[in-house]
Amino acid sequence: MRYTKYDIRNLSRAQSRDTTYKGGFSLAELLLALAITGMLLAAVAIAFNASAINYRENEDVFRTVNNARQALSRITSQLRTADAVNPNSPNNQCTLITANGDDITFSYSGADNKLYLIDNSSGDSYTLCDGVTAMTFAKNIVTEGLVTYVKSVQISITVASGNAQRTFSTAAVVRRNLK
């Protein structure tokens, strides 16, 4: 293919025009890209912050629920092997004589939202669970002749952590009283 003088001049002008307009981004394009990047980073930061808050709240709920389950497990195991359970203790308490002969009381205090284990012989008390908003010990009392005893105890505990609230219930039969 042969080029004429006219074609060569036009070709060189077209090449020079292309090279003069080749360059970087314009200021408007950079500002638009910066704004879009800023919005994306802000969205990612908000999502990360929400995730971190959610993790902390779930961790608090897990610890509270786990403490309540451990307390219920301890209470039911003590009740199942108890020598005697006091039928006259109030609904927020359960007083019993353990298999080892220890006189103990499980007591819920609504004033400070705690469940306590009280050693009645020494007077020492230990916190079993924090964040307890309600707790009841419903005793199944049986009278045979002149003997009155507790056959079983139904336990209900409500624990709260932040906005989350959970209620757990269990029952324990005093095996020493089985005949």
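The values are calculated or read from the model by the stated rules, or taken from the named source; none is laboratory data. On a predicted model such as this, the values are computed, not experimentally measured, just so you know. Using ideal geometry, Cβ is built from the backbone for each residue, glycine included, and neighbour counts are taken over all protein chains shown.
Across region 88-110, the qualifying residues are those that are under 19 Å from SER156 (Cβ atoms) and surrounded by fewer than 16 Cβ atoms within 10 Å (Cβ to Cβ), and the one among them that is farthest from the chain's Cα centre (by Cα) is PRO90.
For a quick check of your reading: which strands (runs of 3 or more DSSP E) sit entirely within region 111-173 and have at least 3 residues that are farther than 22 Å from PRO87 by Cα? Fully inside region 111-173 and qualifying: 125-130, 147-161, 164-173. Taken as a whole, the condition of being within 27 Å of GLY162 (Cα to Cα) and among the polar types (S, T, N, Q) does not apply to THR143.
Scanning region 1-33 for residues that are exposed (fewer than 10 other Cβ atoms within 10 Å of the Cβ), at pLDDT 85 or above and either under 30 Å from SER161 (Cβ atoms) or aliphatic (A, V, I, L, M) (or both) turns up LEU27, ALA28.
Pick out the one residue from THR158, THR148, THR133 that is in contact (Cβ under 8 Å) with a residue 12 or more places away in the chain and more than 27 Å from GLU57 (Cβ to Cβ). The unique qualifying residue is THR148.
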